[in-house]
Amino acid sequence: MEIDFEKASFKDFENIKDYDMYARAAIFNKYLNFLDNKGHLNYRMESISGCGPEMDILIPGKSKHETLVGLVSNDYLGFTQHPKVKEAVVGAIRKYGTGAGASPAIGGHFSYHEKLEKKIASFFRRDNAILYTTGYTANSATFQSLLQKEDIAILDMAVHASVYEGCQLTNIKTFLHNNLELLERALGDAKDKYRNKMVIIDGVYSQDGDLAPLDKILELTKHYGAYLAIDDAHGTGVIGKTGRGVLELYDLFGEVDLITGTFSKTFASAGGYVVARPELIRFLKFQSRQHLFSATSTPAVAGIIKAIELVDEEPHWMDKLWQNVNYFKQGLIDIGMDVGNTASAIIPVKIGDPKKSGEAGRLLLEQGIYTNPIIYPAVAKKNARIRMSLMATHTKAQLDKTLNAFEYVDHKIGISKT
Ligand SMILES: Cc1ncc(COP(=O)(O)O)c(C=O)c1O
């Protein structure tokens, strides 16, 4: 299909799938410019200081790095900078070298992998786990291996993109986010029609920061004979008395069929895992191609073992995180921002209009605050927002500076609830 790139509009973006590869890329680039006509949309900004409550960032269009308050990292407890985690990583690299060199079945399964599998399984009071090199792959590989064309995946529509990818080979039915009535309807419709029915939810939802009503969902899955999988990437280490996530909050450790997650957030590294019954884990170890045919994670993941231990050994980090979350969330509410139903360390400020959200992100940057404007396809088109993650290591001064910056942005372009 022919397109006049100069005149391409937001409307063309809606029909992007009609165009060929280069035209799609051109329309998409135009869409990004539409959101921020100064070209400053803070996408892929370069940091020279790692992730943290303060980051040295090269803002597009500027010639040197600036120190900003960072509200973009999911390193919730600050463990990427913890001396004991760093020490464990360096020690493992000294001992094993920098890479694993092979996939798990042909010599790439090392003692730190074995220990990490046991550690993450026992963290969730289970015995068996499988590791993947990212959380994304843990989801995409696992559901792809377990669910086929005879089966159905019933997804909360707000689950992570990796879950959708994992379900490409099976039938998918989505239900409106956290809507139990619609979940029940989907389960009823699927009854007797499919070999396996699996409900897949997040524990904490990555854009709204709200929680799944796990107890009620479990009741429904049991009633309709469906399996239940939960990805608690953002709840692990943050939610529940000892940081075991949404499963701990509801005390349902042994009840769900699959627990999936990532090591890239609280556990301060990279990698993913699935915890489940031994027969499923053994099946996945041989049947999930992304595990079997891909090199295992590097020795640097030995740091994760220490990070998992620190959740129990140094609980004051979780206490500090929650102090920050409560203080900051209340501060935003007091100045009229719409933070939705968040009950985690993910704090959205809901704006709605994508252009205004891009502009808000740019104005916050001007005030020394690094946040993420979130637009379609990460959220629905009219549901754009500024998304922030809080850390245990944010100071009150940094949070106050951010609250003042939000007041400034509101004054400039009006982003509070009307
Ligand atoms: C809910 C959820 N699941 C899975 C992932 C993927 O994790 P990873 O970054 O380890 O690939 C993310 C990451 O953003 C996530 O938010």
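The values are calculated or read from the model by the stated rules, or taken from the named source; none is laboratory data. Because the structure is a prediction, the values reported are computed rather than measured. We place every Cβ from the backbone using ideal geometry, glycine too, and count neighbours over all the protein chains shown. Heads up: the accessible areas ignore ligands, DNA and RNA and are worked out on the full protein's heavy atoms, side chains in. Shrake-Rupley method; radii C 1.70, N 1.55, O 1.52, S 1.80 Å.
For region 83-313, the C-alpha radius of gyration sits at 1.00 times the compact-globule guess of 2.2 N^0.38 Å, with N the residue count. When the chain is treated as a GNM with alpha-carbon contacts under 10 Å, the residue of Asn74, Asn383, Asn139 showing the greatest mean-square fluctuation is Asn383.
Note that region 300-350 carries a Kirkwood radius of 12.8 Å, evaluated over its alpha carbons pair by pair. Rolling a 1.4 Å probe over the protein chains gives Phe283 an accessible area of about 90 Å². Full extension of the chain segment joining Lys412 with Glu54 gains 126.4 nm, where the gain is 0.36 nm per residue of separation less the Cα-Cα distance.
Here region 227-311 was treated as a single set of alpha-carbon atoms; its pair distances binned every 10 Å from 0 give 16, 44, 35, 5 percent.
Nonpolar atom fraction for the chain, defined as the carbon and sulfur part of the 1.4 Å probe accessible area, stands at 51 percent.
Do the alpha carbons of any pairs in Lys355/Lys382; Lys30/Lys381; Lys119/Lys306; Lys86/Lys396; Lys118/Lys241 sit beyond 18 Å of each other, and which pairs? Too far apart for the 18 Å limit: Lys86/Lys396; Lys118/Lys241. In this structure the chain gives 46 Å² per residue of accessible area when probed at 1.4 Å with all protein chains present. For Glu366, the solvent-accessible surface with a 1.4 Å probe is about 110 Å², rounded to the nearest 10. Placing +1 on the Cβ of each Lys and Arg and -1 on the Cβ of each Asp and Glu in the chain, which of Ile106, Ile239, Gly254 has its Cα farthest towards the positive end of the resulting dipole? Going by the charge dipole, the pick is Ile106. The convex hull of the Cα atoms of region 284-418, projected and averaged over all directions, covers 11.3 nm². Ligands, DNA and RNA aside, Tyr376 has an accessible area near 80 Å² when probed at 1.4 Å. Treating the beta-carbon of each Lys and Arg as +1 and of each Asp and Glu as -1, no other charges, what is the dipole magnitude of the chain about its Cα centre, to the nearest 20 debye? Dipole magnitude for the chain comes out near 560 debye.
With every protein chain in place and a 1.4 angstrom probe, the accessible-area ranking of Lys86, Lys412, largest first, reads Lys412, Lys86. Once Rg and the Kirkwood radius are both taken over the C-alpha atoms of region 98-230, their ratio Rg/Rh works out to 1.02. Restricted to Cα atoms, the chain shows a radius of gyration and a Dmax of 21.9, 62 angstrom. Excluding same-chain neighbours fewer than eight residues apart, the aspartates and glutamates reachable from Lys285 by a Cα-Cα span under 16 Å are Glu114, Glu117, Asp127.
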